[in-house]
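The values are calculated or read from the model by the stated rules, or taken from the named source; none is laboratory data. The model shown is predicted, which means the values in this text are computed figures rather than measured ones. These area figures cover heavy atoms from the full protein model, side chains too; ligands, DNA and RNA do not enter into them. Shrake-Rupley method; radii C 1.70, N 1.55, O 1.52, S 1.80 Å.
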Amino acid sequence: MKKFLKDKNILFFGQENCENSEKAIKFLNHLGCEIKVIRGSRRNKVLPEYATNWEGDFIFSYRNYFLIPEFLIKKAKYMAINFHPSTPNYPGTGSCCWAIYDSCEEFGLTVHLMNKKYDNGKILKVYKFQISKDLFVNDLLKESYKFSYECFCDYILYLNESTENDIWSIKNKPNNIKWVSYAKKLSDLNEMREINLDMSKEEIINRVRSFHFDNYPIKLKIGNN
């Protein structure tokens, strides 16, 4: 029996220089999908023209910087799906950071339909794993990176084993899982990366654990400096 995704036309959004994005592309190729690939390297980059002219069956967004326009989402015959590397508690930017800051006991990946907003569409499935409270954000990023790819493969295989009627049912059936908050922006992260001497020792330590990266460091504000 022919698998559902074989010969389906897929528009795949991934990240440049990302090992797991390349593995995801190979995985889709292995299933017999016809793939057009868009790789992004930074925010606010303009979509290439060949992407906006696409029409096909599915859009899969995985480790993607682009906000995919609504007109392009509507060109997917079946579904446009994003694999957001977090539980529904943390839509938007810096999910790992906020989870560490809030001392969460679990993290994960949210599979959801896309709309014109970041991390806002109907949730299809949530994957979770337990995390330690003594993690730093870089540790959680590494764990999430591996977990997200495994979940991507699992959900793609689920779609591949489905029938066309199953696909329409997945898309249209009600789901009571909701996004918990608004999608965080880069400006929200930047605000948390600024510490000052009026903060408690505990708050400073927590912000360093949660928001400090070697290439995007915490900043100490003293007066206007």
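In angstrom, the C-alpha Rg and Dmax of the chain are 18.8, 69. Across Ser187, Ser162, Ser210, mean-square fluctuation computed from a Gaussian network of the chain (C-alpha pairs under 10 Å connected) peaks at Ser187.
As a test question: what accessible area, to the nearest 10 Å², does Asp102 have when a 1.4 Å probe is rolled over all protein chains in place? In the full protein context, Asp102 sits at about 80 Å². In whole angstrom, how far apart do the alpha carbon centroids of the stretch 91-152 and the stretch 198-219 sit? Cα centres, the stretch 91-152 to the stretch 198-219: 20 Å.
If you wrap the Cα atoms of the stretch 20-85 in a convex hull and average its projected area over all directions, you get 4.6 nm².
Among His212, His30, the sequence by solvent-accessible area, most first, with a 1.4 Å probe is His30, His212. For the residues Tyr155, Tyr50, Tyr65, a 1.4 Å probe over the protein chains yields an accessible-area ranking, largest first, of Tyr50, Tyr65, Tyr155.
For the chain, the relative contact order comes to 19 percent (Cα pairs under 8 Å, sequence separation of at least 6). Rg and Dmax of the stretch 37-149, based on Cα coordinates, read 15.0, 47 Å. Kindly provide the helix-only [θ] at 222 nm of the chain, computed as the sum of -39,500 (n - 2.57) over DSSP H runs of four or more divided by all residues, to the nearest 500 deg cm²/dmol? Roughly -10000 deg cm²/dmol at 222 nm, from the helical runs in the chain. Rounded to the nearest 10 degrees, the angle from helix 19-30 to the longest Cα principal axis of the chain is 10 degrees. For Lys122, nonlocal amide neighbours, meaning residues 5 or more places apart or on other chains whose placed amide H falls under 5 Å from its own, are Leu113.
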